[in-house]
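Reading through the structure tokens given below for one structure.
The values are calculated or read from the model by the stated rules, or taken from the named source; none is laboratory data. On a predicted model such as this, the values are computed, not experimentally measured, just so you know. Don't worry about glycine lacking a Cβ; one is built from the backbone with ideal geometry, like all the others, and counts go over all protein chains shown.
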Amino acid sequence: MTLTVNRRGAGRIFGATTALALLMGTSAMAVDLTIMLNENDNQSAAIARLIEDYKSVAPDVNISLNVVGYDVIRDQLKGQLEAGVGPDIGLITDLGGLNPFYVDLTPYVDVAEWEANYGAVLPWYRAGAPDGIYGFHSELTVTGPFINVTLFEEAGVEIPPAGATWDDWAEAVRQVKDATGIYAGMVMDRSGHRFAGPAMSYGAQYFDDEGHLITDQGYRDFAERMVAWHADGTMPPDVWPAVSGSSYANGNEMFTAGDVAMHMAGSWNVGNVFRTVGDAFEWRVVPVPCGPAGCGVMPGGSGFVAFNVGPNAEEAAKFVAWLGDTDRARDWYTSTLAIPAHSGLQAEGLDYTTAGASEEVSAALQTFALGAARAAADTPQAFQLQGNKNAFVMFNATAQYISGVMTGEFTMDEAIARIDAELLEKAR
């Protein structure tokens with residue numbers, strides 16, 4: 001197998017395998033597959049190594065990686081698939097929204113085993129359909145905050161305990177900001193997905209009795225807090241207000257540079273923080289802040305799926321099914337520092353130290369996992385929203401129009417009306 005990687009925005013890994021696996025059978029000619037993914041921590045390196053291993057299973061399958069920016073997958077992939085083009089396999093987050101383009105993995109897996117191990121997340125890929133196995137959930141993510149413990153200590157500010165509210169945390173980080181002179185108290189990724197968990201803490205239901213996506217008073221209550229926190233400098237102007245439309249932006253660099261005391265991100269960011277911060281300061285993942293309706297987080301994550309738009313859909317499905325087998329899944333979750341979606345591996349527990357993780361990282365992942373369990377009880381609508389095929393309509397509208405209130409483009413009434421109009425037009 002020959003490996004070449006171009007780090008100027010895209011990479012390609014080409015593989016020619018050398019042994020034949022009886023399970024997969026033989027191919028009359030070589031098959032070329034492409035996987036599209038964004039670079040998140042060391043995922044491209046992990047999948048490259050597994051592609052090498054796949055040569056013992058399917059020697060005539062050549063697999064290349066197209067490493068792109070997340071915005072390409074988020075904003076362009078669906079259009080490509082609708083046009084009948086695109087990759088054979090994708091590592092995606094719009095799990096329900098791309099369902100029409102998935103290949104059913106059922107013929108290539110042990111259905112009972114997959115239902116037992118991945119049953120909690122399989123419905124997210126089905127978009128309301130009753131059955132079918134459409135993807136290997138490669139990372140169970142949970143939203144939640146990272147804090148800079150060193151800044152709190154320097155400021156002499158007590159870290160709020162588990163169960164503290166978002167208002168409690170906002171006051172605490174303002175005190176840290178005033179005492180240390182940092183740029184802002186806290187930052188939240190510009191994403192309706194990040195916004196949703198806290199909004200649910202304040203009573204946002206996200207669905208009406210008929211299952212339609214809606215805004216409500218709880219949604220508005222948290223939106224007003226976000227606008228106020230940007231107005232008074234608790235949150236920085238560089239993320240939500242500074243980006244146009246529904247575009248995504250994150251606060252990683254602000255947090256890892258020590259410019260903010262708190263970053264509302266999620267479990268997928270643990271590896272990045274671990275590697276980037278090093279020993280520059282002490283950091284910690286804390287239990288998600290609460291509101292009157294509970295302590296909401298958004299579960300989610302990414303998964304590998306095979307698309308039905310190319311001539312090699314069957315071979316693509318076989319590779320995704322192979323990735324989701326327990327042994328490969330263990331390898332993947334451990335090497336990418338991901339919370340497993342596989343219930344057997346959750347019960348088994350993963351030794352992340354084999355991938356160079358510290359006790360700090362293990363504790364962070366455990367905190368996120370506990371947050372997911374609590375959210376299942378407090379805010380079950382989070383799991384319903386994650387699997388809804390129109391979730392990104394809500395997420396994108398939230399980012400665009402709540403940001404518009406922050407910049408003065410809209411009043412809150414106007415923003416809510418525009419969000420409701422988009423939901424009526426695109427999500428019914």
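Numerical summary
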read-out: Subset tally (residues that are assigned to a loop (DSSP other than H, G, I, E, B) and surrounded by fewer than 17 Cβ atoms within 10 Å (Cβ to Cβ)) for the range 353-367; value: 2
read-out: Residue in the range 323-363 that is nearest to Glu115 (Cα to Cα), counting only those that are charged (D, E, K, R) and at pLDDT 90 or above; value: Asp325
read-out: Failed condition for Asp53, given (1) at pLDDT below 95; (2) among the charged types (D, E, K, R); (3) closer than 22 Å to Ala329 by Cβ; value: (1)
read-out: Index of the failed condition, Met262 passing every other in (1) touching a strand residue (DSSP E or B) at 6+ places or on another chain (Cβ under 8 Å); (2) farther than 30 Å from Ser335 by Cα; (3) surrounded by 15 or more Cβ atoms within 10 Å (Cβ to Cβ); (4) among the hydrophobic types (A, V, I, L, M, F, W, C); value: (2)
read-out: Matching residues, the range 389-405, being surrounded by 24 or more Cβ atoms within 10 Å (Cβ to Cβ) and under 15 Å from the mean Cα position of the chain (by Cα); value: Ala391
read-out: Where a residue in the range 244-263 is assigned by TED's automatic domain parsing to the domain that holds Glu171 and closer than 19 Å to Asp71 by Cβ and its partner, wherever it lies, is crowded, with 17+ Cβ neighbours inside 10 Å and at pLDDT below 95, with Cβ under 7 Å and at least six apart; value: Tyr248/Arg74; Asn252/Asn269; Asn252/Asn272
read-out: Residue satisfying condition, being more than 22 Å from the chain's Cα centre (by Cα) and either at negative phi or in the same structural domain as Ala313 (by TED's automatic domain parsing) (or both), within set Tyr70, Tyr102, Tyr134, Tyr108; value: Tyr108
read-out: The listed residue being outside the structural domain of Val285 (by TED's automatic domain parsing) and of a type in the set (A, V, I, L, M, F, W, C), out of Ala382, Ala364, Ala391; value: Ala364
read-out: Inter-residue pairs, beta-carbon under 7 Å, first in a helix (DSSP H, G or I) and in the range 213-225, second of a type in the set (Phe, Trp, Tyr), 6+ apart; value: Gly218/Tyr202; Asp221/Tyr202; Phe222/Tyr202; Arg225/Trp166
read-out: Residue in the range 221-230 that is surrounded by fewer than 22 Cβ atoms within 10 Å (Cβ to Cβ), hydrophobic (A, V, I, L, M, F, W, C) and touching a Leu at 6+ places or on another chain (Cβ under 8 Å) present; value: no
read-out: Ala375 vs. criteria in contact (Cβ under 8 Å) with a residue 24 or more places away in the chain, part of a helix (DSSP H, G or I) and farther than 26 Å from Glu113 by Cβ; value: yes
read-out: Yes/no for Pro160 being more than 29 Å from Ser246 (Cβ to Cβ) and not hydrophobic (A, V, I, L, M, F, W, C); value: yes
read-out: Subset tally (residues that are in contact with a strand residue (DSSP E or B) (Cβ under 9 Å, 6 or more places away or on another chain) and surrounded by 20 or more Cβ atoms within 10 Å (Cβ to Cβ)) for the range 338-352; value: 5
read-out: From Gly163, Gly128, residue being assigned by TED's automatic domain parsing to the domain that holds His263, modelled with pLDDT under 95 and surrounded by fewer than 21 Cβ atoms within 10 Å (Cβ to Cβ); value: Gly163
read-out: Strands (runs of 3 or more DSSP E) enclosed by the range 244-324 - at least 1 residues per element that are among the aliphatic types (A, V, I, L, M) and more than 30 Å from Asp178 (Cβ to Cβ); value: 299-306
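Quick grid of which residues meet (1) part of a helix (DSSP H, G or I); (2) in the same structural domain as Val305 (by TED's automatic domain parsing); (3) in contact with a Phe, Trp or Tyr (Cβ under 6 Å, 6 or more places away or on another chain); (4) in contact (Cβ under 8 Å) with a residue 40 or more places away in the chain:
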{"residue": "Leu81", "(1), (2), (3), (4)": "yes, yes, yes, yes"}
{"residue": "Val85", "(1), (2), (3), (4)": "no, yes, no, yes"}
{"residue": "Asp94", "(1), (2), (3), (4)": "no, yes, yes, yes"}
{"residue": "Ala116", "(1), (2), (3), (4)": "yes, yes, no, yes"}
{"residue": "Trp124", "(1), (2), (3), (4)": "yes, yes, no, yes"}
